[in-house]
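Here's the structure we're looking at; comments come further down.
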């Protein structure tokens, strides 16, 4: 059954309204909902959200209205200012909540309850409301009040232990990402809650734990422990088979970078292995050992390290003859499971993404320019996602929301602004 309201724009959830109270831990949730057609209103403190101080900045100018980080995570939203820590601000928020379907927040557990804006209070105002809480460790349990910057969530989830070279310290990815997984899980929870509400008429609270969400990215470590009692370790660009302790490469150096490839120990992918061997052979590279392998019965768990070394020598020689783009193009032609390790520049210049019209160009009149953005996360032919619009300026839609939704006058808005309520 579709969640889309009658005549609502966008995919699946057009016609709903959300209030986004999140900081950088949850901004992605509101962005995705906005892409799906929800009317998302970003609620900031008067003067602007602290996330606006996060770089990089447009032309390296430190300015809350020029944060590229803010731009990226707040497309498809409107924006208002409101100080919910004041009594009048809380009353205004409650009036907004009466006409809202979804509230998203990423405060410390219990913060909204202390303000009288937790789920028990909001559900009294609006029984159909859905409150989504994005947290580091959930809303209960011994870690509920622990603070968790990105590196802490990476460590607590187990991912940090697995990331990096085995002879060096663990590392985190180069861009904060841990809470993005919790934000996306919150989207799924909200969609499920909307479906439940459609069936029952009741709202509910949804919450996610960044630790639990990021834990899912340790996918190969969990099955090995559960099935074989093996603890996986940091391997860098290599992989180790616990059954026979062999180490094999997955990233291969080429003329201008790296490509990812490894011989698959899955019968359904035997053709891809054979295609790689045929390619190596066609280059005149000695590969008799590879040609003798029966790929239909190949089992990585039964080979020796000497076997691996003999498999990798001709593979490495092939990769060093070409650039990663050249390798990629031939791999597509020969149906080999090989792909480039892309830089940001490679991604931006990708012919595949260009052919799919992935990149979107959004005007920023306040900057006098157009900025390139990633497009929608999915292309749906029958229900395409709504077009992106730039992130809101500080308080850009105050008059629009407060006058149209709450019926406040301009004079009332002026007084609220003077008292720093909005």
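All of the numbers you see were taken from the coordinates with simple rules; none came from a lab. Note that the structure is a prediction, hence the values are computed from the model and not measured. Virtual Cβ from ideal backbone geometry, glycine too; neighbours counted across all protein chains shown.
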I'd like the orientation of helix 178-200 relative to the chain: the angle between its Cα long axis and the longest Cα principal axis, in ° from 0 to 90, rounded to 10. 60 degrees
Which whole number in µm²/s is D for segment 110-163 by Stokes-Einstein, with the Kirkwood Rh taken over Cα pairs at 37 °C and 0.692 mPa s? 249 µm²/s
At a 10 angstrom cut-off on C-beta neighbours, averaged per residue, how do the peptides 288-297, 165-174 rank from highest to lowest? 288-297, 165-174
In degrees between 0 and 90, to the nearest 10, how far off the longest principal axis of the chain does helix 270-282 point, with axes built from Cα atoms? 60 degrees
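Mind ordering 308-314, 130-136 by average Cβ neighbours within 10 Å, highest first? Spell out each step's value before the answer.
Values: 308-314: 17.0, 130-136: 27.4.
Highest to lowest by the protection proxy: 130-136, 308-314.
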Given the alpha-carbon gyration tensor of segment 246-393, what are the semi-axes of its equivalent ellipsoid in whole angstrom, ordered largest first, with each equal to the square root of 5 times an eigenvalue? 41, 17, 13
Could you work out the per residue convex hull volume over the alpha carbons of the chain, in cubic angstrom? 185 Å³
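Counting helices only, and only those DSSP H runs with n ≥ 4, report the 222 nm mean residue ellipticity of the chain as the sum of -39,500 (n - 2.57) divided by its residues, in deg cm²/dmol to the nearest 500.
Rounded to the nearest 500, the figure is -10500 deg cm²/dmol.
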Restricting to Cα pairs below 8 Å that are 6+ residues apart, what does the relative contact order work out to for segment 237-348? Please round to a whole percent. 35 percent
Could you sort 335-346, 387-398, 363-374 so that the peptide with the highest average Cβ count within 10 Å comes first and the rest follow in order? 387-398, 335-346, 363-374
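Taking 8 Å as the Cα distance limit and 6 or more residues as the minimum spacing, I'd like the relative contact order of the chain as a percentage.
Taking the mean separation of contacting Cα pairs over the length of the chain, I get 18 percent.
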If R0 = 41 Å, then residue 255 and residue 367, at their Cβ-Cβ distance, give a FRET efficiency to the nearest 0.05 of 0.60
Remind me, what semi-axes does segment 1-123 give for its equivalent ellipsoid, largest first in whole Å, using sqrt of 5 times each Cα gyration tensor eigenvalue? 24, 21, 11
